[in-house]
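Enquirer: Can you keep this structure in mind? I'll have questions shortly.
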Amino acid sequence: MEFTAEQIKDMVVEACLDKKAKDIAVIKVDHLTVIADYLVVASGKSTSQVKAIANNIDDFLSKAGVEPIGREGIPEGRWAVVDYGVVLAHVFNEESRKLYLLDQLWSDGSNVTFVEDVK
């Protein structure tokens, strides 16, 4: 089954929430670049949580039949990226997220949506 970029983005967000990721930002970038339609940026409180979130994204989407075209940084647990072509999932520890500021780098003032943490 083929999934749209929006459906893949929604699955990535769900997988992040499942592992209690914090500060989830969905950034629509299709009008700014050809590399992806969406960036999903999330934070984990520890290297273990960063790894767990990134692995959960990979597992969750694989079960739906969506395989990444690339994965980087998961073993280190500071910044992981899972690349689905149309959606890039970035998971940071809090320190690395403050350093790279992807939310601000890719923001045009109207394209960032923050996902409420599920309590």
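The values are calculated or read from the model by the stated rules, or taken from the named source; none is laboratory data. Just so it is clear, the model here is predicted, and its values are computed rather than measured. As a convention, Cβ positions derive from the backbone with ideal geometry for all residues, glycine included, and neighbour counts pool all protein chains shown.
Enquirer: Out of the residues in the stretch 70-93 meeting the condition of being surrounded by fewer than 24 Cβ atoms within 10 Å (Cβ to Cβ) and β-branched (Val, Ile, Thr), tell me which one is farthest from Leu17 (Cα to Cα).
Expert: Ranking the candidates gives Val86 first.
Enquirer: Quickly run through the stretch 70-112 and pick out the residues that are more than 21 Å from Lys28 (Cα to Cα) and touching an Asp or Glu at 6+ places or on another chain (Cβ under 9 Å).
Expert: Once the filter is applied, which keeps residues that are more than 21 Å from Lys28 (Cα to Cα) and touching an Asp or Glu at 6+ places or on another chain (Cβ under 9 Å), the stretch 70-112 yields Glu72, Ile74, Arg78, Glu94.
Enquirer: Mind checking which residues of the stretch 63-77 are over 15 Å from the mean Cα position of the chain (by Cα) and not acidic (Asp, Glu)?
Expert: Step one: of the stretch 63-77, the residues over 15 Å from the mean Cα position of the chain (by Cα) are 63-65, 75-76.
Listed by number, the residues that qualify are Lys63, Ala64, Gly65, Pro75.
Enquirer: Something else now. Find the residue count for the stretch 80-115, including only residues that are touching a Phe, Trp or Tyr at 6+ places or on another chain (Cβ under 9 Å) and over 19 Å from Phe60 (Cα atoms).
Expert: Final tally of qualifying residues: 9.
Enquirer: Could you look through the stretch 58-69, keep only residues that are in contact with an Asp or Glu (Cβ under 9 Å, 6 or more places away or on another chain) and not in a loop (DSSP other than H, G, I, E, B), and pick out the one that is surrounded by the fewest Cβ atoms within 10 Å (Cβ to Cβ)? Step through it out loud before you land on a result.
Expert: Filtering the stretch 58-69 down to residues in contact with an Asp or Glu (Cβ under 9 Å, 6 or more places away or on another chain) leaves 58, 60-61, 67-69.
Next cut, not in a loop (DSSP other than H, G, I, E, B) only: 58, 60-61.
Working: Asp58: 20, Phe60: 17, Leu61: 22.
Restricting to residues being in contact with an Asp or Glu (Cβ under 9 Å, 6 or more places away or on another chain) and not in a loop (DSSP other than H, G, I, E, B), the top hit is Phe60.
Enquirer: Here are some residues: Ala36, Ala80, Ala54. Which one is within 24 Å of Glu116 (Cβ to Cβ), in a helix (DSSP H, G or I) and within 13 Å of the chain's Cα centre (by Cα)?
Expert: Details: Ala36 fails: in a helix (DSSP H, G or I); Ala80 fails: in a helix (DSSP H, G or I).
Only one candidate passes the filter, namely Ala54.
Enquirer: Considering the stretch 94-119 alone, what residues qualify as being outside any helix (DSSP H, G or I) and of a type in the set (A, V, I, L, M, F, W, C)? Don't jump to the end; show me each part of the working.
Expert: As a first pass, look at the stretch 94-119 and keep what is outside any helix (DSSP H, G or I): 101, 106-119.
Once the filter is applied, which keeps residues that are outside any helix (DSSP H, G or I) and of a type in the set (A, V, I, L, M, F, W, C), the stretch 94-119 yields Leu101, Trp106, Val112, Phe114, Val115, Val118.
Enquirer: When you scan the stretch 18-59, how many residues do you find that are among the small types (Gly, Ala, Ser), within 17 Å of Val87 (Cα to Cα) and free of Cβ contacts under 8 Å to residues at least 40 places away in the same chain?
Expert: 1
Enquirer: Evaluate the following for Val91: is it assigned to a strand (DSSP E or B) and under 18 Å from Ala5 (Cα atoms)? So that I can check it myself, show each step before the final result.
Expert: On the way: assigned to a strand (DSSP E or B): yes; under 18 Å from Ala5 (Cα atoms): no.
No.
Enquirer: With (1) of a type in the set (S, T, N, Q); (2) modelled with pLDDT of 95 or more; (3) within 13 Å of the chain's Cα centre (by Cα) as the list, and Ser46 as the residue in question, which single condition is left unmet?
Expert: In the conditions (1) of a type in the set (S, T, N, Q); (2) modelled with pLDDT of 95 or more; (3) within 13 Å of the chain's Cα centre (by Cα), Ser46 misses (3) alone.
Enquirer: Name the residue, out of Lys20, Lys28, that is at positive phi and among the basic types (Lys, Arg).
Expert: Working: Lys28 fails: at positive phi.
When all the criteria are applied, what remains is Lys20.
Enquirer: Right, Tyr100: modelled with pLDDT of 95 or more and out of contact with any His (no Cβ under 6 Å at 6 or more places or on another chain) or not? Full working, then the answer.
Expert: Numbers: modelled with pLDDT of 95 or more: no; out of contact with any His (no Cβ under 6 Å at 6 or more places or on another chain): yes.
No.
Enquirer: Given the conditions (1) crowded, with 20+ Cβ neighbours inside 10 Å; (2) of a type outside the set (Ser, Thr, Tyr); (3) closer than 17 Å to Glu95 by Cα, report the number of the one that Lys45 does not fulfil.
Expert: Only one criterion is unmet by Lys45, namely (1).
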